Amino acid sequence: MKRLINEIIKNGGRHENLEVKIIGGGRILAQMTDVGSRNIEFAHKFISDAGLRLANEDTEGIYPRKVYYFPQEGKVRVKKLRTLHNNTIIERETEYMQDLVETAAKIA
């Protein structure tokens, strides 16, 4: 994230004009760890430490989100998915959890 901020500033952006929006961090699968809460905590600390402005957030909860970003306007639209029509999210989250376990095993 530091690299992204530095690139924005290098290309003419001004630090005081930057704003941050946090989306996600929910616990959509009960059997998974609550890594989302730790990610949200990290994001809040990073934003504070970097002196950035938190413009908005839609975090936590049990629903996955679909995010629409409109960069020209700086707008974000978030749709909470109340029902799942397929297992894509469950499969992705399960794979991610397995990757975390495997990575931890390699490090240990």
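The values are calculated or read from the model by the stated rules, or taken from the named source; none is laboratory data. Since the structure is predicted, the reported quantities are computational estimates derived from the model, not experimental observations. Counting neighbours? That spans all protein chains shown, and the Cβs are built from the backbone with ideal geometry, glycine included.
Residue-wise test of (1) over 17 Å from residue 34 (Cα atoms); (2) in a strand (DSSP E or B).
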position	(1), (2)
69	yes, yes
77	yes, yes
94	no, no
98	no, no
102	yes, no
106	yes, no
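Please go through the range 24-53 and pick out each residue that is assigned to a loop (DSSP other than H, G, I, E, B) and either modelled with pLDDT of 90 or more or surrounded by fewer than 14 Cβ atoms within 10 Å (Cβ to Cβ) (or both). Before you say what the answer is, go through the steps one by one.
Initially, the range 24-53 is screened for residues assigned to a loop (DSSP other than H, G, I, E, B), giving 25-34, 50-52.
30, 31, 33, 34, 50, 51, 52, listed by residue number.
Working only within the range 1-38, note down all residues that are in contact (Cβ under 8 Å) with a residue 12 or more places away in the chain, of a type in the set (A, V, I, L, M, F, W, C), closer than 19 Å to residue 75 by Cα and out of contact with any helix residue (DSSP H, G or I) (no Cβ under 6 Å at 6 or more places or on another chain).
5, 18, 23 - these are the residues of the range 1-38 that are in contact (Cβ under 8 Å) with a residue 12 or more places away in the chain, of a type in the set (A, V, I, L, M, F, W, C), closer than 19 Å to residue 75 by Cα and out of contact with any helix residue (DSSP H, G or I) (no Cβ under 6 Å at 6 or more places or on another chain).
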